[in-house]
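The values are calculated or read from the model by the stated rules, or taken from the named source; none is laboratory data. Predicted model, so just to flag it, every value in this text is computed and none were measured. Here the Cβ is made from the backbone with ideal geometry for all residues, glycine too, and neighbour counts use every protein chain on show.
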Amino acid sequence: MATALAITVYRTHDDGDRADADLDAAFQDIVSVDRAMSLYRPDSELSLLNVRAGSGPIEVSESLFDVLSTAEEFARASNGAFDVTVQPLVELWGFYRFEHAAIPPVADIEQARGGVGHGRVVLDRAAKTVTLAPNTRVDLGGIAKGYAVDRAIATLAARGVPAALVDLGGNIGVLGVRPGGGPWSIGIQHPRERRLLGRVTFSAGATATSGDYDRFFEVDGRRFSHIIDPRTGWPVEGVAAATVVAPTAMAADALSTALFVLGPDVGTKLIASLPGTAGLIIDPDGHVVVQGNGDIQFELKSD
Ligand code: AMP
Ligand code: MG
């Protein structure tokens, strides 16, 4: 998944030996999601599905089907701002390899857009099949990390782990009660400076951050980041980072990408409409808009 992973497991002292096995089990979950859903692997289930676009219904695994149906749910909720069919645009803009990171010809953008649209993925739950329209390809980079975190957390819970934290590239899921009590407290990276912008605290669920500072290129002082507005075919400009807290890591992952695309006005309305969900969005000048929710609290530093 081209990112960093940290798994933290808390066990009582007399149970300490089991923590190693817990870490292995959780790690296996992440590995299996990577094997199935990475586009960096030509033999992943997702890569094999993409090459069969336009050739009728394809049977897929339960996990791939679940992620695709959740992706469809968030595509609808966000009016297409979150859309896993952006793959041809991500490829055209060079975000898989950064070799030819440059503004593509307008005609190429229009051509790639022809394959984009969440209605071009047809899911049949009873048959567990997926049909991709011709020229349509799926990129789960905006949601699969969250799914992997949820799987790892579920495995740790099933093994009786009392408390744990899984961080896959800023997609962070928590389990149980933090040792010492009180809510979980997660630092939010400043998008332009090497310091924390603040913290978010919550008692259960997950958080995810989408930023323009890890994967981007610049042309004439304009910054083009790896998150693309499927409605225009262009990378989003004017947003530096979006953080979401939600009941599951998969929801937080999809929604942080959606909030990044939708921007503060529409984005915070979407977040406010969802139970147990809160968000924060920051522009390149450091202006922050927060949409809180119940016991989910954002604490921002004033400097
Ligand atoms: P994230 O870091 O979770 O916001 O995901 C960003 C990744 O999701 C990108 O690197 C692309 O692979 C993919 N992506 C880009 N734009 C979108 C979009 N509008 N909807 C869904 N996935 C996207
Ligand atoms: Mg995401």
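Here are some notes:
- Filter result for I172 (farther than 30 Å from N50 by Cβ and either part of a strand (DSSP E or B) or modelled with pLDDT of 95 or more (or both)): no
- Selection of first residues in region 254-273 that are within 25 Å of D139 (Cβ to Cβ) and of second residues that are within 9 Å of ligand 1 (Cβ to nearest atom) and among the aromatic types (F, W, Y), restricted to Cβ pairs under 7 Å at least 6 apart or on distinct chains, gives the following pairs, ordered by first then second residue: A254/F74; A254/F82; L255/F74; T257/F82; A258/F74; A258/F82; V261/F82.
- Within region 125-146, the residues that satisfy the criterion of being touching a strand residue (DSSP E or B) at 6+ places or on another chain (Cβ under 9 Å) and part of a helix (DSSP H, G or I) are K145, G146.
- From the list V174, V116, V166, the lone residue that is in contact with a Phe, Trp or Tyr (Cβ under 6 Å, 6 or more places away or on another chain) and touching a residue at least 24 places away in the same chain (Cβ under 8 Å) is V174.
- Matching residues in region 233-242 - criterion: being near ligand 1 (Cβ under 9 Å from one of its atoms) and touching a residue at least 40 places away in the same chain (Cβ under 8 Å): P235, A242
Quick grid of which residues meet (1) touching a Cys at 6+ places or on another chain (Cβ under 6 Å); (2) near ligand 1 (Cβ under 10 Å from one of its atoms); (3) modelled with pLDDT of 95 or more; (4) not basic (K, R):
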{"site": "R215", "(1), (2), (3), (4)": "no, yes, no, no"}
{"site": "V219", "(1), (2), (3), (4)": "no, no, no, yes"}
{"site": "F224", "(1), (2), (3), (4)": "no, no, no, yes"}
{"site": "R231", "(1), (2), (3), (4)": "no, yes, yes, no"}
{"site": "L255", "(1), (2), (3), (4)": "no, yes, yes, yes"}
{"site": "F260", "(1), (2), (3), (4)": "no, yes, yes, yes"}
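- Test result for T70, more than 16 Å from ligand 1 (Cβ to nearest atom) and at negative phi: no
- T243 falls short on exactly one of the conditions (1) within 25 Å of I109 (Cα to Cα); (2) of a type outside the set (F, W, Y); (3) touching a helix residue (DSSP H, G or I) at 6+ places or on another chain (Cβ under 7 Å), and that condition is (1).
- Given (1) assigned to a loop (DSSP other than H, G, I, E, B); (2) of a type in the set (S, T, N, Q); (3) away from ligand 1 (no atom under 14 Å from the Cβ), index of the condition N79 fails: (3)
- Of all the listed residues (V122, V90, V86), the sole one being surrounded by fewer than 23 Cβ atoms within 10 Å (Cβ to Cβ), touching a strand residue (DSSP E or B) at 6+ places or on another chain (Cβ under 9 Å) and assigned to a helix (DSSP H, G or I) is V90.
- Residue within region 207-220 that is closer than 27 Å to R178 by Cβ, touching a residue at least 24 places away in the same chain (Cβ under 8 Å) and aliphatic (A, V, I, L, M) present: yes
- Criterion (hydrophobic (A, V, I, L, M, F, W, C) and within 15 Å of ligand 2 (Cβ to nearest atom)) met by exactly one of V130, V67, V60, V121: V67
- Conditions (1) modelled with pLDDT of 95 or more; (2) within 26 Å of D214 (Cβ to Cβ): number failed by I103: (1)
- Residues (within 15 Å of D83 (Cα to Cα) and more than 16 Å from ligand 2 (Cβ to nearest atom)) located in region 136-162: T136, R137
- Residue match in region 8-26 (condition: in contact with a Lys or Arg (Cβ under 7 Å, 6 or more places away or on another chain), in contact (Cβ under 8 Å) with a residue 12 or more places away in the chain and outside any helix (DSSP H, G or I)): yes
- If you go through region 1-53 and pick out every residue that is of a type in the set (S, T, N, Q) and at pLDDT below 95, you end up with 2.
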